[in-house]
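Visitor: The following block contains the structure, expressed as structure tokens.
The values are calculated or read from the model by the stated rules, or taken from the named source; none is laboratory data. If you're wondering where the values come from, they're calculated on a predicted model, not measured in any experiment. Cβ coordinates were reconstructed from backbone atoms using ideal geometry, including for glycine residues, and neighbour counts include every protein chain displayed. Heads up: the accessible areas ignore ligands, DNA and RNA and are worked out on the full protein's heavy atoms, side chains in. Shrake-Rupley method; radii C 1.70, N 1.55, O 1.52, S 1.80 Å.
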Amino acid sequence: MDAFTVLDGLVAPLDRSNVDTDAIIPKQFLKSIQRTGFGPYLFDEWRYLDHGEPGMDCSNRPLNLEFALNQPRYQGAQVLLARDNFGCGSSREHAPWALLDYGFRCIIAPSFADIFYNNCFKNGILPIVLDAATVDDLFRQAAANEGYRLVVDLPAQQIRTPAGEAIAFEVDGFRKDCLIEGLDDIGLTLKHVDDIRAYEERRKAEAPWLFRAIR
Amino acid sequence: MGGKTLYDKLWDAHVVRTEADGTTLLYIDRQLVHEVTSPQAFDGLRLAARKPRRSEANLAVPDHNVPTLARAEGILEPFSREQVKALDRNCQEFHITEFGMNDQRQGIVHVIGPEQGATLPGMTVVCGDSHTSTHGALGALAFGIGTSEVEHVLATQCLIQKKSKNMLISVDGKVGPGVTAKDIVLAIIGEIGTAGGTGYAIEFGGEAIHDLSVEGRMTVCNMSIEAGARAGMVSVDQTTIDYVKGRPFAPSEDQWDKAVVAWRELVSDADAVFDRVVRIDAAGIQPQVSWGTSPEMVAPVGERVPDPDQVADPVKAAGMRRALEYMGLEAGTPIGEIRLDKIFIGSCTNSRIEDLRAAAAQVQGHKVADNIKLAMVVPGSGLVKLQAEAEGLDKVFLDAGFEWREPGCSMCLAMNADRLEPGERCASTSNRNFEGRQGQGGRTHLVSPAMAAAAAVAGHFVDIREL
């Protein structure tokens, strides 16, 4: 996983609430057994006018020019501005994979669905929750100023606007450290293998039926 | 100091260690694996030269991609075929038991877990699928995870978690006739909204919940995620214990009594404190039909499609207008006048034997209406299918003009060949009515199995209480 420290990124707005993971990456693309290559199909049904299928070359597909991400001013965006309950629905990690593959490293919204929020951290994406009024203001700024950028400073837990305003944000300490260091969760957990073993011994004595093998 | 909730008890029993900030290493008893969210996890193990910590704690099954017709011919679509093959290969390499596509026990992962006794009261259960909350019906802590976490569980048998808050949704009193578990959960989501449960583990309680069979409780817990909660659960009672008894992976004879004693503790203490309590009057719940593109957009069958102009919140009104446009519906249309093209009875929400019985009871002696292009029943597992055939339900459906298919996720998410075409309108017993969920441009109305079956006969929605 790529570490996340300070990002100076172009902002793109997605002005809809309850954006679900089916919309982020439709089901037909979940047939891939890779972690990469989902970027061209991000928001496929909103982004293109035709029906997308896995393996399709997207360079000549007809674009829905009304969809924000297709506007020239948002090309190369790394910060996605979103609305309430972003990432609801299916647990598919293909959703953060697609956002990352497209180029997004940070998503700002008033609220996120739990599983999606968690999946972001596993993939070097920083999801930031800000109050609805602040998010509203960022939407207005991004619309009014072409090339609107934000500096997202994870160590300082601060977003800095072009006007010099600093917006503080909360993030879980453990998740923050993992993102900054680009740490592998499994490696961290395996440091506690003695504790896991001790738990298993104790539990096996208490509730042996939990250890009945599926064979 | 108050008592413990069911969730507190399940959580505490699985803590391996907790850091000062509350970050917890939580032990996972059972992982269910399917073909869509696991290949990258197995790749991760290979890349790091890791092995599953307890391969025998996992059970795998292909369900999302499998065809529901002509299964003997294998999977024709190359991407789907490759994904199912990858699961077969990975299970073989890592010594994980898999019910392959042609195994009689194959089915939807959330149907076969309880059916096999592979998921039990008191367990922590995970799967790379958001509807894992289904297993909470047994008094288990069950929740969906992403692929990175699937890999983490394979490698460590643990997850790094923070505890959620406690919510009690108590459905008090008794539901009226014709009101099913599906109507209860749709009404709950309509009440608290699709983000109402975000950050919470929900316990469903009250008389109407404990009156349900375990299968009905599964339907309710299944849709916890549609209310925003990763986990939903129901405390253990005699109904739970009777359900588990005799299943293939249930506790062996010599451990059974000890297990039952432990399971009896899996109830919230009388003085347990919940962060939020929602009370719903069961008698007020009517058969539900979703009219929009979010599971909270539901209405009782006797009412009309709501009018966004009557809604004060501009963001909500805009969402409603967009949904009505996608659904091709006018505000004010009576729900009973919505005509349908397809009927789908299946999915991890509603494909168990009781669901099929309830649907068959509506269909018996009738024919599918002329305007219905396709009405299909997709049993949740091979064993559900066999049971239904032993009861003659397949005949009831076939005689009426339904198709009787092989088990799998099918048109709930349309990863296989079963899907809606643009503009087609479907009464579906599944769990999500998102744009494009059942096929690009498809229009989904979520209902109970009895309501879907009655709609197949009438060609439009009908109130099953008036039949």
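Visitor: With every protein chain left in place, what is the accessible area per residue of the range A:6-183 in square angstrom, probe 1.4 Å?
Guide: Details: 6530 Å² over 178 residues.
Normalised by residue count, the accessible surface of the range A:6-183 is 37 Å².
Visitor: Another question, if that's okay. Enumerate the calculated ³J(HN,Hα) couplings along the range B:278-288 in order (Karplus 6.51 cos²θ - 1.76 cosθ + 1.60, θ = phi - 60°), each rounded to whole Hz, writing x wherever the residue is Gly or Pro.
Guide: Whole-Hz 3J(HN,Hα) from phi for the range B:278-288: 10, 10, 10, 7, 4, 5, x, 7, 10, x, 9.
Visitor: Which value, in Å² rounded to 10, gives the accessible area of B:M297 with a 1.4 Å probe and all protein chains present?
Guide: Counting only protein heavy atoms, B:M297 exposes about 30 Å² to solvent.
Visitor: With unit charges on the beta carbon (Lys/Arg positive, Asp/Glu negative), name the residue among B:H14, B:Q106, B:G44 whose Cα is farthest towards the positive pole of the charge dipole of the range B:3-107.
Guide: Most positive-ward Cα: B:H14.
Visitor: I would also like to ask the following. Of the accessible area of the range A:1-60, with the probe set at 1.4 angstrom, what percent is carbon plus sulfur?
Guide: Working: 1110 of 2310 Å².
In the range A:1-60, the share of accessible area belonging to carbon and sulfur is 48 percent.
Visitor: Of the DSSP beta bridges with both residues in the protein assembly as shown, give the percent that are antiparallel, rounding to the nearest 5. If you can, show how the numbers build up before the last one.
Guide: Values: 25 of 78 bridges.
Taking every DSSP beta bridge within the protein assembly as shown, about 30 percent pair in antiparallel fashion.
Visitor: Farthest toward the dipole's positive end in chain B, which of B:V447, B:T349, B:H366, given Cβ charges of +1 (Lys, Arg) and -1 (Asp, Glu) about the Cα centre?
Guide: It is B:T349.
Visitor: Another question, if that's okay. Scaled to the compact-protein estimate 2.2 N^0.38 Å, what is the alpha-carbon radius of gyration of the range B:1-121, rounded to two decimal places? Present the calculation step by step, with values, prior to reporting the outcome.
Guide: Working: Rg = 17.7 Å, N = 121, 2.2 N^0.38 = 13.6 Å.
Normalised Rg, Cα atoms only: 1.30.
Visitor: Separate question: Rounding to the nearest 20 debye, state how big the charge dipole of the range A:6-183 is about its Cα centre with +1 on each Lys and Arg Cβ and -1 on each Asp and Glu Cβ. Working shown, then result.
Guide: Details: 16 positive and 24 negative charges, 62 e Å.
In total the dipole reaches around 300 debye.
Visitor: Let me ask another. Estimate for me the total accessible surface buried between chains A and B (protein heavy atoms, probe 1.4 Å, no ligands or nucleic acids), in Å² to the nearest 100.
Guide: Summed over both sides, the interface buries about 6000 Å².
Visitor: Still on this structure, please answer the following. Go through A:A163, A:L126, A:A144 and say which Cα lies farthest out towards the positive end of the charge dipole of the range A:6-183; charges sit on Cβ, +1 for Lys and Arg, -1 for Asp and Glu.
Guide: My answer, from the dipole projection, is A:L126.
Visitor: Could you work out, for the range A:6-183, what percent of all Cα-Cα pairs fall into each 10 Å distance bin, beginning at 0 Å and stopping at the bin that holds the largest distance?
Guide: The percentages, shortest bin first, are 10, 40, 37, 13, 1.
Visitor: Also: So, in Å, what gap is there between the alpha-carbon centers of the range B:219-245 and the range A:141-177?
Guide: Here the two parts' Cα centres lie 40 Å apart.
Visitor: For each pair in B:K182/B:K342; B:K163/B:K342; A:K191/B:K245; A:K122/B:K51; B:K51/B:K85; B:K85/B:K385, compute the distance between the two Cα atoms and list the pairs where it is over 30 Å.
Guide: Values: B:K182/B:K342 19 Å; B:K163/B:K342 42 Å; A:K191/B:K245 39 Å; A:K122/B:K51 20 Å; B:K51/B:K85 20 Å; B:K85/B:K385 24 Å.
Exceeds cut-off: B:K163/B:K342; A:K191/B:K245.
Visitor: Another question about this same structure. Leaving ligands, DNA and RNA out of it, report the carbon-plus-sulfur percent of the accessible area of the range B:379-467 at a 1.4 Å probe.
Guide: For the range B:379-467, the apolar C and S fraction of the accessible surface comes to 49 percent.
Visitor: For chain B, report the % of Cα-Cα distances exceeding 42 Å.
Guide: Values: 13283 of 108811 pairs.
More than 42 Å apart: 12 percent of the Cα pairs in chain B.
Visitor: Under a 1.4 angstrom probe, counting protein chains only, how are A:F4, A:F174 ranked by accessible area, largest first? Provide the component values of the computation, followed by the final result.
Guide: Values: A:F4 5, A:F174 55 Å².
The most accessible residue leads, giving A:F174, A:F4.
Visitor: Further question on the same structure: If you take each beta carbon of peptide A:200-211 and count the beta carbons of other chains within 10 angstrom, what is the mean? All intermediate terms of the calculation are to be shown ahead of the outcome.
Guide: Working: counts 5, 0, 0, 5, 0, 0, 3, 11, 6, 15, 13, 4.
Per-residue shielding by partner chains comes out at 5.
Visitor: Compactness ratio of the protein assembly as shown: Cα Rg over 2.2 N^0.38 Å, N = residue count?
Guide: Values: Rg = 23.9 Å, N = 682, 2.2 N^0.38 = 26.3 Å.
Scaled against compact globular proteins, the figure is 0.91.
Visitor: So, one more: As a test question: what accessible area, to the nearest 10 Å², does B:V396 have when a 1.4 Å probe is rolled over all protein chains in place?
Guide: The value for B:V396 is about 20 Å².
Visitor: Under a cut-off of 15 Å between alpha-carbon atoms, report the aspartates and glutamates in cross-link reach of B:K373, not counting same-chain residues fewer than 8 places apart.
Guide: List returned: B:D341, B:E403, B:D418, B:E421, B:E424.
Visitor: Loop-only GluC sites (Glu not before Pro) in the range A:113-188, please: DSSP not H, G, I, E or B, and at most 13 other Cβ atoms within 10 Å. All intermediate terms of the calculation are to be shown ahead of the outcome.
Guide: Values: sites: A:E146, A:E165, A:E170, A:E181; in loops: A:E146, A:E165, A:E170.
Qualifying residues, ordered by number: A:E146, A:E165, A:E170.
Visitor: Accessible area per residue, 1.4 Å probe, Å², for the range B:105-253: what's the number? List each step's numbers first, then the result.
Guide: Details: 2960 Å² over 149 residues.
Accessible area per residue: 20 Å².
Visitor: A follow-up question, please. Could you calculate the FRET efficiency of A:A133 with B:E391 from 1/(1 + (r/R0)^6), where r is the beta carbon distance between them and R0 is 45 Å, rounded to 0.05? Intermediate values should be presented prior to the final figure.
Guide: Values: r = 58 Å, r/R0 = 1.29.
Result of the calculation: an efficiency of 0.20.
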